[in-house]
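The values are calculated or read from the model by the stated rules, or taken from the named source; none is laboratory data. Quick caveat, the model's predicted, so the values are computed rather than measured. Cβ placement follows ideal geometry from the backbone for every residue including glycine, while neighbour counts extend to all protein chains displayed.
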Amino acid sequence: MKAALYPNFQKPNALSCAREVCDVLDRCGIEVSVSELFRNDFSDKPFVKFEDIREAAKTADYVLAIGGDGTILRCAKLLIGSDTKLLGINTGTLGFMAGLEADQLDKLSLLTTGEYELSPRMTLDVVYHSADGDKTATVLNEVSARSGSFRICEFEVYSESYLVGRYRADGVLFSTPSGSTAYALSAGGPVIEPDLECIEMTLICPHSLFSRATMFSPQRKLIMKDVTVRDDSMVINVDGELFVSLRNGDSIEICRGKNNINFINLIGNSFHESLCKKMCKPIK
């Protein structure tokens, strides 16, 4: 059994947590792999194997992302198309996607017995179409399209070949159920359980009295076209990272991803327990 570590040492306590994780895994008889970039941080642990994290992610049974939700999102991209399971260990601020807290590392022994919950998370495949060619990406949380300036943008959304609507807004989000508790939640979208497969569309600051989030079947193919007449562009981000700039006449296509990401939960909390525990913190 093999586990690869994906730590974010910009997070407080991530290094000490990662070192302790190595020791716990070794005591459990699990082979440990860490990126060659961190050799100096683990040079005193002779049992640690150093290799490229992209290669390790393909051959490991588990990848342990140590940090916050952003760390988990970046790590998830390495696992697209593989059967490797992802466990997030929270050393960040919120850690809503994490399946373990940094003070619960004794539970890592459950990896050897299979006593954990497995949550397959839906992804979205994104295709950008322009006169210069196509570009693709896969996201776990959301695709966001926003004005590249401070001006309102205009766009059309189609489901297959049917016009859903023409909108004037600051932007739009296309989210997975996992992404419903991220940017879409802040934009007024609903909370969706992760195992309820759908594509959520949430407008960002729409110039309308009657705009609500819309859920589409995961079998639908959605198309968004920029119809802004000004000579500026919409900025497309995938899971918080810049993807492309969309100009008048360009379009993006969103559909259910071909691959799921398999998340591990060692804590045993239900989705709603985690929601109350994590999301209610700022208002207590």
Note to self: Under 9 Å between Cβ atoms, which residue pairs at least 6 apart in sequence (or on different chains) link something in the range 29-43 that is modelled with pLDDT of 95 or more with a partner that is assigned to a helix (DSSP H, G or I) and of a type in the set (Ser, Thr, Tyr)?
What the structure shows: Gly29/Thr112; Ile30/Thr112; Ser33/Thr59
Notebook entry, point to check: With (1) surrounded by 21 or more Cβ atoms within 10 Å (Cβ to Cβ); (2) under 30 Å from Ile254 (Cα atoms) as the list, and Leu100 as the residue in question, which single condition is left unmet?
Noted result: (2)
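Could you say which residue among Gly257, Gly268, Gly240 is in contact (Cβ under 8 Å) with a residue 40 or more places away in the chain, more than 20 Å from Val126 (Cβ to Cβ) and either among the small types (Gly, Ala, Ser) or surrounded by fewer than 16 Cβ atoms within 10 Å (Cβ to Cβ) (or both)?
Numbers: Gly257 fails: more than 20 Å from Val126 (Cβ to Cβ); Gly240 fails: more than 20 Å from Val126 (Cβ to Cβ).
Testing whether each residue is in contact (Cβ under 8 Å) with a residue 40 or more places away in the chain, more than 20 Å from Val126 (Cβ to Cβ) and either among the small types (Gly, Ala, Ser) or surrounded by fewer than 16 Cβ atoms within 10 Å (Cβ to Cβ) (or both) leaves just Gly268.
Let's see how each residue does on (1) surrounded by fewer than 22 Cβ atoms within 10 Å (Cβ to Cβ); (2) closer than 16 Å to Asn265 by Cα:
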| residue | (1), (2) |
| --- | --- |
| Val63 | no, yes |
| Arg74 | yes, no |
| Ser82 | yes, no |
| Gly92 | no, no |
Margin query: Let me confirm something: among Ser144, Ser119, Ser178, which residue is crowded, with 22+ Cβ neighbours inside 10 Å and closer than 28 Å to Leu266 by Cβ?
Written below: Ser178
Item checked: Top-ranked residue of the range 147-168 - restricted to ones that are among the small types (Gly, Ala, Ser) and modelled with pLDDT of 95 or more, ranked as surrounded by the fewest Cβ atoms within 10 Å (Cβ to Cβ) -> Gly165
Notebook entry, point to check: Which one is nearest to Ala98 (Cα to Cα) among residues in the range 241-284 that are out of contact with any Gly (no Cβ under 7 Å at 6 or more places or on another chain) and of a type in the set (Gly, Ala, Ser)?
Noted result: Ser274
Next item on the list: Read through the list (1) in contact with a strand residue (DSSP E or B) (Cβ under 6 Å, 6 or more places away or on another chain); (2) under 30 Å from Asp61 (Cβ atoms), then give the number of the only condition that Val172 fails.
Entry: (2)
Checklist line | Options Ala184, Ala213: the member that is more than 19 Å from Lys258 (Cα to Cα), at pLDDT 95 or above and either surrounded by fewer than 20 Cβ atoms within 10 Å (Cβ to Cβ) or not assigned by TED's automatic domain parsing to the domain that holds Ala137 (or both) | finding: Ala213
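Assess whether Arg74 counts as being outside the structural domain of Thr59 (by TED's automatic domain parsing) and either out of contact with any Gly (no Cβ under 7 Å at 6 or more places or on another chain) or part of a loop (DSSP other than H, G, I, E, B) (or both). Quick ask: steps written out before the conclusion?
Details: outside the structural domain of Thr59 (by TED's automatic domain parsing): no; either out of contact with any Gly (no Cβ under 7 Å at 6 or more places or on another chain) or part of a loop (DSSP other than H, G, I, E, B) (or both): yes.
Judged against the criteria, Arg74 is not a match.
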Next item on the list: Return the residue satisfying two criteria in turn: it lies in the range 18-62 and is part of a strand (DSSP E or B) and in contact with a Phe, Trp or Tyr (Cβ under 6 Å, 6 or more places away or on another chain), and of such residues it is nearest to Gly92 (Cα to Cα).
Entry: Val34
Check: Within the range 160-273, which strands (runs of 3 or more DSSP E) (wholly inside it) include 1 or more residues that are touching a helix residue (DSSP H, G or I) at 6+ places or on another chain (Cβ under 6 Å)?
Finding: 162-175, 199-206, 261-265
Notebook entry, point to check: In this structure, is Leu124 at pLDDT 95 or above, within 21 Å of Ala56 (Cβ to Cβ) and buried (at least 16 other Cβ atoms within 10 Å of the Cβ)?
Noted result: no
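Give the residue, chosen from Gly88, Gly95, that is assigned by TED's automatic domain parsing to the domain that holds His272 and in a loop (DSSP other than H, G, I, E, B).
Gly95
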